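Data block below; observations after.
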Amino acid sequence: MGSMTGTPERTVIGHSTGEKVLLFGGLPLLGLVLGFFLPRFADWAAGRQWVPFQGPVRLISQWNGWWVVAICVAVGLIGGVVLAAMALDDTLKVTISSHSVDFSKNQKTVTVPRSKVSVAFLDGKEIVLQDATSRELAREKHDQLKSEAPNIAVAFRTHGYPWSDAGDPHASEFRRWIEDDPDLPPAANAVLKVRSKAFGDGDKGKADLRELRGELANLGITVKDRDKKQYWRAC
């Protein structure tokens, strides 16, 4: 579950307080426990060839003293805090005000001025903002948004944004991309071909998909992705 907090000036969508407590309490605690039992596990696993990473396991098993446990506990605790911070940073935070919408994730923020937004809506798990020419100003995915859909609509309307309950007003115009589609200019086909290879490339692939979406927008093409397939329309 996600969280939405608001004031007359702004509404923030992101992790709830409970989720933050779970992340920064649970993960460091788990790391601490794992760190405490790591030396014991190493003693047991050393020499058992079916256990992977025999080199590090044997090295740890050869250490003796309370300081070994202390170091492992400290490393586990710090590792848990780092993982919690990474998990929090990897979740989209949306800040809505009467002046702009800010999308923050992975220490990057995309700001869309209110004056440019003609319509806002949900497309599956994505918040989409369009301008008066139907060009997409933002398309940001948030895995926790679906259950919050009614509240999100209220938040945007409260701050003066036109909201479409029916979703994308131009949904019927999207077509699935086929390589060398004759209805697309060569430059757009080339970008879509490169984009198609970015699926499944982890964080680098996600960054490429986002960057190349911007390239397509500059060419007058809007693209959205479903099940690693690309759908496009002219805008």
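The values are calculated or read from the model by the stated rules, or taken from the named source; none is laboratory data. Quick caveat, the model's predicted, so the values are computed rather than measured. Virtual Cβ from ideal backbone geometry, glycine too; neighbours counted across all protein chains shown. These accessible areas exclude ligands, DNA and RNA; they are computed on the full protein's heavy atoms, side chains included. Shrake-Rupley method; radii C 1.70, N 1.55, O 1.52, S 1.80 Å.
Of note:
- Cα pair distances in the chain, grouped into 10 Å bins until the bin that holds the longest one, percent each: 7, 24, 25, 18, 13, 10, 3, 0
- For the set Lys116/Lys193; Lys204/Lys224; Lys93/Lys116; Lys108/Lys204; Lys93/Lys193; Lys116/Lys204, the pairs lying more than 26 angstrom apart at their alpha carbons are Lys116/Lys193; Lys93/Lys193; Lys116/Lys204.
- Compared with the direct C-alpha span, the chain from Ala217 to Ala171 gains 14.9 nm at full extension, assuming 0.36 nm per residue.
- R0 of 45 Å, Cβ-Cβ distance Gln107-Ile178: FRET efficiency to nearest 0.05: 0.75
- With both labels modelled 7 Å from their Cα along Cα-to-Cβ, the Ala87 to Asp208 distance reads 2.9 nm.
- Placing +1 on each Lys and Arg Cβ and -1 on each Asp and Glu Cβ, with no other charges, gives the stretch 66-151 a dipole about its Cα centre of roughly 140 debye.
- Legend: calculated FRET efficiency, Val194 to Ser100, from the Cβ-Cβ distance at R0 = 25 Å, rounded to 0.05, equals 0.20.
- Applying the Kirkwood pairwise sum to the alpha-carbon positions of the stretch 144-224 produces a hydrodynamic radius of 15.1 angstrom.
- Helix-derived mean residue ellipticity, 222 nm - over the chain, DSSP H n ≥ 4, -39500 (n - 2.57), to 500: -13000 deg cm²/dmol
- Spatially proximal aspartates and glutamates relative to Lys105 (Cα-Cα < 18 Å; intrachain offsets below 8 disregarded): Glu19, Asp89, Asp90, Glu126, Glu140, Asp143, Asp203, Asp208, Glu211
- Environment charge at Leu192 (Cβ cut-off 15 Å; Lys +1, Arg +1, Asp -1, Glu -1): +4
- Which of Pro52, Phe199, Ser164, positive extreme of dipole for the chain (C-beta unit charges): Pro52
- Cα lying deepest toward the dipole's positive end in the chain, options Val154, Val117, Gly76, charges on Cβ: Gly76
- Accessible area of the stretch 56-110 belonging to carbon and sulfur atoms, whole % at 1.4 Å probe: 66
- Residues in the chain average 58 Å² of solvent-accessible surface per residue, probe 1.4 Å, ligands and nucleic acids excluded.
- Listed by number, the DSSP H helices of the chain that run 30 Å or longer by alpha-carbon position along their axis and have mean Kyte hydropathy of at least 1.0 are 66-89.
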